[in-house]
Every structure is written in structure tokens, then in C-alpha cells.
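Since every read-out is calculated from the coordinates, none of them should be taken as a lab result. Because the structure is a prediction, the values reported are computed rather than measured. Positions of Cβ are generated from backbone atoms using ideal geometry, with glycine treated the same way; all protein chains shown enter the neighbour counts.
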Amino acid sequence: MAYIPPHKRHSKDSERPTPTPESLAPLFKRNVQLRAPKSNADRSGKTVYSNYAISRWFAVGLDDGNGDASAAHLKPVSVESVERKTGEKHVMLVKSNLDKENNEVKGSPWSSIAEKVLPDLLSSFKIVSAEIESKDLEEVKAGMTARFGKFLFHGSPSVSLESVRKDCVTETTLRNLKRSFYYSLPASYVGNIMAEVVPKIGVDFANVKDIYHVNLSDSTRPDSSISCKCTIKDDKKLQLYKVELKPVRDMVVDISCSDMNLDLRLMLCHKRILTSLTDDEMQSIRNLTDSAVLDPDMKGGLRWPLGKASTGNRYSVLGVSHTMVTSYQSSSIRLKVRYADRFDFRTGYGETSKEVVLKLKGMVSGLLEQEVETNVIFDMLKDTLRLIWQHFLCCEPFLT
């Protein structure tokens with residue numbers, strides 16, 4: 001009899017909030033945070049941070065330039081999928097004088113944002129460069145991305161949500177709260193990106209990819225997990241075409257954009273492409289992907305017969321996702337519009353989401369150049385942030 005996984009028995013979607021490092025220390029006397037080397041990975045396979053990953057949050061437009069932050073306040077928001085995971089109520093930062101009719105781009109904050117982000121970016125990329133140049137590692141690729149969504153705040157051990165004045169918000173108050181990044185976007189926003197923004201920013205259609213991702217644990221790599229990318233063959237079986245370790249985060253900069261309807265997350269990551277697996281290792285991985293059964297009624301779109309979701313004591317299936325990705329690109333950016341259906345085998349939670357991601361390949365190319373001037377990187381970063389601010393942060397309110 002075939003095994004019926006938990007996602008066959010639970011119908012509600014949910015989203016696991018992106019974890020934020022908890023044990024952090026100051027760096028360079030700025031409001032930068034450094035992960036402790038002893039906790040560089042989430043062993044669940046969800047998120048992995050480098051030993052010296054920088055994690056930072058700040059707000060833009062919190063006051064209106066006159067020292068008056070009274071227009072900004074915290075609004076209770078109900079997101080069932082997030083609340084089911086954290087067990088807590090959440091609030092989001094909103095501005096009462098935000099122009100909801102026109103949602104105009106206010107001001108030009110990209111220069112000041114670039115000034116804050118640049119030192120973190122340069123110091124993080126030095127570590128990434130060392131990973132790339134190390135002869136002891138397999139092929140390593142660096143990537144920088146921008147993601148759009150809303151930061152949801154909830155209480156922390158030091159500050160309860162009930163103790164925070166919702167009508168008098170400061171950066172210090174928000175920094176003491178925990179936060180999750182909710183990145184599932186409304187269909188109207190995604191449609192506007194494809195119909196209106198794509199023609200304006202000079203990107204051309206690249207391709208549409210229908211991909212299944214199978215995430216595996218590896219007992220020999222307890223601090224990471226393996227991502228297997230697959231397509232579907234004519235016989236409805238998976239065709240494995242790439243095996244890599246899950247990306248490692250080197251820098252995460254979270255920016256609450258209170259004058260806009262969406263917030264911004266900038267990330268610098270690196271990942272290892274596994275090119276030196278032995279024949280036995282590859283066969284074990286293929287045995288897992290080959291035994292998957294395509295089932296559109298399942299969350300994530302896949303299931304495994306009883307006893308087939310692991311191979312010996314080495315590899316086990318952690319989770320799956322089915323993504324339909326439409327890509328556009330130019331010489332400096334790659335825009336991905338992604339529809340995702342995910343399921344985590346360990347928690348029994350699934351989620352569906354509509355996402356928009358910018359891959360900043362021009363920034364990475366500039367950082368990889370030898371002896372590049374800092375002012376050149378600054379100008380590239382500023383121009384990228386201007387593009388984002390003018391085209392990607394406007395959205396109708398979608399959380400209530």
C-alpha cells in the first residue's frame with residue numbers, strides 16, 4: 001500500500017517565516033550583526049548562513065524629515081499561515097499619509113540606502129571571493145538578489161508586542177522585535193510587473209521553466225542540504241539535471257520602506273555545484289528522484305511510495321517544490337516571476353506563493369572584477385536601487 005504523506009491529509013497552505021539569526025554581535029561599530037561560527041546552519045535544511053554572515057535591518061521614511069514619526073504606526077495584520085507557525089499575532093509598519101490612490105514614488109532615497117548597504121556588501125563579498133578562489137572547494141557561484149514583500153513584526157523575549165505603542169514607532173522599537181518576511185504577492189502586482197514594468201526596464205523574455213526541486217538531507221553534510229533540480233519526462237518521471245548544495249547566505253539587508261506598499265530584502269549568497277560526486281552517490285540520488293510519483297493533488301506535486309523516500313542511512317527527502325518560472329533578462333539583471341507550490345516533509349506544512357525576484361548579475365560581475373574602484377560599485381548599487389524604488393515597490397494594499 002502506498003504511503004500517504006501528511007500533505008495529502010492537510011489542505012491549508014502555510015508559510016514558514018524566514019529565520020533571522022538570534023545570536024549576533026556588533027561589527028565595525030555599526031548596526032551590523034555577525035553570526036556566531038557555532039551556529040552557521042539551520043540543520044532542518046531551510047536556511048544556511050556563512051560563519052560571518054551580516055544581517056541588518058533599517059527603515060526608510062520612518063519620519064517625514066521634520067522629526068515627526070507620528071504618521072508611521074503599527075497595524076495588526078492577520079496572516080493565518082504565519083500565525084500557525086509562530087503562534088503569535090503580527091503587526092506591519094504602515095504610513096497613514098501614504099498616497100494609496102497614486103502610490104507615488106516619494107523622494108529619492110536610493111543614494112542614502114546605497115551608502116548604508118555598500119560597506120556590508122564589500123566586506124561580505126571579500127569572504128565570498130575567498131570561497132570562490134579556494135582550490136579545496138568545488139565550483140562555487142556567487143549571487144545577489146532583491147526580493148519584495150512585507151516585514152511582519154512580532155514580540156521577542158525582551159519586548160512584548162503589547163508593550164509597544166502602535167502610534168509612536170521608532171527604529172529602536174522595531175529593531176527589538178522579531179520579524180518575518182512575507183513574500184507571497186498579489187496577482188495584480190505580478191500581472192503589473194509582467195505587463196507594465198517589463199517593457200519599461202529594458203529586459204527581454206528569456207524562457208519559461210517548469211521545475212521540480214527535491215531537497216535532500218545528507219548524513220555526511222549535517223550543516224547543509226542538497227537541492228536536486230528536475231524536469232518532467234514524457235513518461236511523467238523526473239529527469240534530474242542539476243545537483244547543488246542549498247545557497248549559503250553571506251549578507252541579508254532588510255529594508256522597511258514605509259513610504260511604499262512593499263519592503264525590500266537584499267541578499268548576497270554563494271552556492272556549491274556538486275560536480276565531483278561518485279557514481280554510487282549519484283546513483284543513490286537518482287534512485288530517490290526516479291522513485292518520485294507525480295501527483296498534482298499533493299502539495300509540492302510529488303509523493304514517494306512507502307520506504308522509497310530515503311536511501312540507506314545517507315540521503316532522505318526533506319521537502320519538494322514545484323515552480324513555474326517566467327524569466328526576463330538584460331545584461332545586468334534577470335527578473336524571475338515565480339509561481340511556487342512547496343511542501344516540507346518534516347513539518348507537514350505546505351505553501352503556495354506568487355513571487356518576484358531580481359537577480360543582480362551586473363552587481364556580481366562588477367564585484368568580481370579585479371581592482372574595481374569602490375565608487376564604481378557604489379554607482380552600480382545606487383542605480384539598481386533607483387530601478388527597484390521606481391518600479392518594484394508599488395503595490396495595492398493586500399494584507400489586512
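Once each part is reduced to its C-alpha centroid, what is the distance from the stretch 324-352 to the stretch 139-174 in angstrom?
Using only Cα atoms, the two centres lie 23 Å from each other.
How many angstrom lie between the C-alpha centres of the stretch 363-400 and the stretch 291-306?
Cα centres, the stretch 363-400 to the stretch 291-306: 39 Å.
Using 0.36 nm per residue of separation minus the Cα-Cα distance, give me the extension gain between ALA187 and SER123 in nm, one decimal.
Here the answer is 19.3 nm.
Quick one: go through the stretch 297-324 and flag any residue whose amide nitrogen is under 20 Å from the point 7 Å out along the Cα-to-Cβ line of SER219.
Output list for this probe position: 306-319.
Dividing the convex hull volume of the alpha carbon atoms of the stretch 234-374 by its residue count, what do you get in Å³ per residue?
192 Å³
With viscosity set to 1.306 mPa s at 10 °C, what whole-number translational diffusion coefficient in µm²/s follows for the stretch 125-215 from Stokes-Einstein and a Kirkwood radius over Cα pairs?
My calculation gives 86 µm²/s for D.
Under 8 Å for C-alpha pairs, at least 6 residues apart: give me the relative contact order for the stretch 235-325, rounded to a whole percent.
That works out to 23 percent.
Just want the answer: with Cβ charges of +1 for Lys and Arg and -1 for Asp and Glu, which residue in SER284, ILE201, ALA309 is farthest toward the dipole's positive end in the stretch 187-337?
SER284
Counting pairs of alpha carbon atoms under 8 Å apart in space and at least six apart in sequence, what relative contact order in percent does the stretch 197-251 give?
It comes to 25 percent, rounded to a whole number.
Taking a quarter of the surface of the Cα convex hull of the stretch 338-400, what do you get in nm²?
Quarter of the Cα hull surface area: 7.4 nm².
Starting from the amide H of PHE345, placed 1.01 Å from N in the peptide plane, find each other amide H under 5 Å away whose residue is 5 or more places distant or on another chain.
GLY319, VAL320
On average, how much area does the Cα convex hull of the stretch 187-302 cover when viewed from any direction, in nm²?
For the stretch 187-302, averaging the hull's shadow over all directions gives 11.0 nm².
If you split all Cα-Cα distances of the stretch 198-256 into 10 Å bins from zero, what percentages do you get per bin, shortest first?
Whole-percent P(r) values from 0 Å outward: 17, 28, 32, 19, 4.
In 5 Å bins starting at 0, how do the alpha-carbon pair distances of the stretch 273-335 split up by percent?
4, 13, 19, 17, 14, 12, 11, 7, 2, 0
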